[in-house]
Amino acid sequence: MQRKPTYAALEAAADQRILIIDGAMGTMIQRYKLDEAGYRGARFKDWLRDIKGNNDILVLTQPQIIAAIHEQYLEAGADILETNTFNAQRISLADYGMEDLAYEINVAAAKIARAAADLWTKKTPDKPRFVAGAVGPTNRTASISPDVNNPGFRNISFDELREAYKEQVRGLIDGGADIILIETIFDTLNAKAAGVATLEVFEEKGIELPIMISGTITDRSGRTLSGQTGEAFWYSMRHLKPFSIGLNCALGAELMRPYLAELAAEADTRISAYPNAGLPNAMGEYDETPDDMACEMEPWAKDGIVNIVGGCCGSTPDHIHHIAEHVKAYPPRKIPHLEPKMRLSGLEPFIHG
């Protein structure tokens, strides 16, 4: 199995500096105030269901908007662009009756991001840009029953998730993604399905891309929605040998710090972090300013616990610019060499030896 040529370039860049991943796509899309007709475009003018809110379809109906957002993040200093594919698998797209568009959406999204990244790499060859194919958690959970009266019930199976993710990952690779980013993980079993799917597609295509994994700590309990601590989550996912492990979404930078430090102490791979711009206010909006957010994140770099940083919900190119400026003086975290031990996980980590 061959590694994609950009794999080595990404590793070299990560060894030299703290890399910057972009900010929120949804926050930026909201600025365009698109109505139903704006989402539909000409192609879906007569679609039988409302599709406003299906941000992923915009790579087909409003590609110039998605390209412009990528451009703004690159100008702000992003090294890594996420594709606009967070919900672009047939499980989530079923809400709009668009399941059969999953592959096409992923190819189109990756091509848009690829074109933007290549343009900026050409401008500054010493600072290559990379495309991360964004693979979200879906709107189903394999570990938890949606029916409180029937705890054994599941509305999705592991194999259904795996097949949906395989279709998505194929599209992302065919569109030109450099990285597969399995992100906003609230259910580790969903993420394991995405990981298996990714490895199976690599095998099919005879190519290997770096895998980034990013979980979500849902509240101050320090656990994912499916109940794991950050350390246990890492032990559940480390078999994928990811390029990075980290956290995004749910929390602002201040609240994310202790869980990030826990991962940094236990993971023998790179650490990524892209928090929200604070916690949402009563109107569901994010109030943390670019400077406030950057000042909260700078100590992560100073203390040597991060390799990749950026922003999630509520963040904008201005946030990313400030974050990039605040961390550029610091070297990336050194990956620790950990003593070989048996490391297992349930909801809690178990280490023997």
The number of residues in region 122-139 that are buried (at least 19 other Cβ atoms within 10 Å of the Cβ) and under 24 Å from Ala191 (Cβ atoms) is 9
Residue set Glu231, Glu254; condition more than 17 Å from Ile179 (Cα to Cα), free of Cβ contacts under 8 Å to residues at least 60 places away in the same chain and of a type in the set (D, E, K, R); output residue Glu254
Note: among Asp22, Asp15, Asp35, Asp79, just one is in contact with a Leu (Cβ under 6 Å, 6 or more places away or on another chain) and farther than 20 Å from Asn106 by Cβ, namely Asp79
| task | Within region 183-195, identify whether any single residue is among the β-branched types (Val, Ile, Thr), surrounded by 16 or more Cβ atoms within 10 Å (Cβ to Cβ), in contact (Cβ under 8 Å) with a residue 60 or more places away in the chain and assigned to a loop (DSSP other than H, G, I, E, B), and answer yes or no. | result | no
Of Thr224, Thr218, Thr229, the only residue that is of a type outside the set (A, V, I, L, M), farther than 28 Å from Arg17 by Cβ, modelled with pLDDT under 95 and in contact with a Leu (Cβ under 6 Å, 6 or more places away or on another chain) is Thr218
Subset of region 66-75, residues out of contact with any strand residue (DSSP E or B) (no Cβ under 8 Å at 6 or more places or on another chain) and either free of Cβ contacts under 8 Å to residues at least 24 places away in the same chain or crowded, with 24+ Cβ neighbours inside 10 Å (or both), comes to Ile66, Ala68, Ile69
Report task. May I ask you to verify whether Gly41 is touching a Ser or Thr at 6+ places or on another chain (Cβ under 8 Å), at pLDDT 95 or above and surrounded by 20 or more Cβ atoms within 10 Å (Cβ to Cβ)? Result -> no
When Glu163 is run through (1) surrounded by fewer than 23 Cβ atoms within 10 Å (Cβ to Cβ); (2) outside any helix (DSSP H, G or I), the failure sits at (2)
Residues in region 312-341 that are in contact with a Gly (Cβ under 8 Å, 6 or more places away or on another chain), closer than 20 Å to Ala277 by Cα and charged (D, E, K, R) total 1
Taking first residues from region 320-347 that are in a strand (DSSP E or B) and second residues anywhere that are surrounded by 15 or more Cβ atoms within 10 Å (Cβ to Cβ), the pairs with Cβ under 7 Å that are 6 or more apart or on different chains are Arg343/Tyr235; Arg343/Pro349; Leu344/Tyr235; Ser345/Gln228; Ser345/Ala232; Ser345/Tyr235; Ser345/Ser236
Counting only helices (runs of 4 or more DSSP H) entirely within region 20-102, those with at least 3 residues that are in contact with a helix residue (DSSP H, G or I) (Cβ under 8 Å, 6 or more places away or on another chain) and charged (D, E, K, R) are none
Among (1) assigned to a strand (DSSP E or B); (2) under 30 Å from Lys127 (Cα atoms); (3) charged (D, E, K, R), Glu296 falls short only on (1)
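The values are calculated or read from the model by the stated rules, or taken from the named source; none is laboratory data. What you see is a predicted model; the values in this text were computed from it and never measured. Quick reminder, even Gly has a Cβ in these numbers, built from the backbone with ideal geometry, and neighbours come from all protein chains shown.
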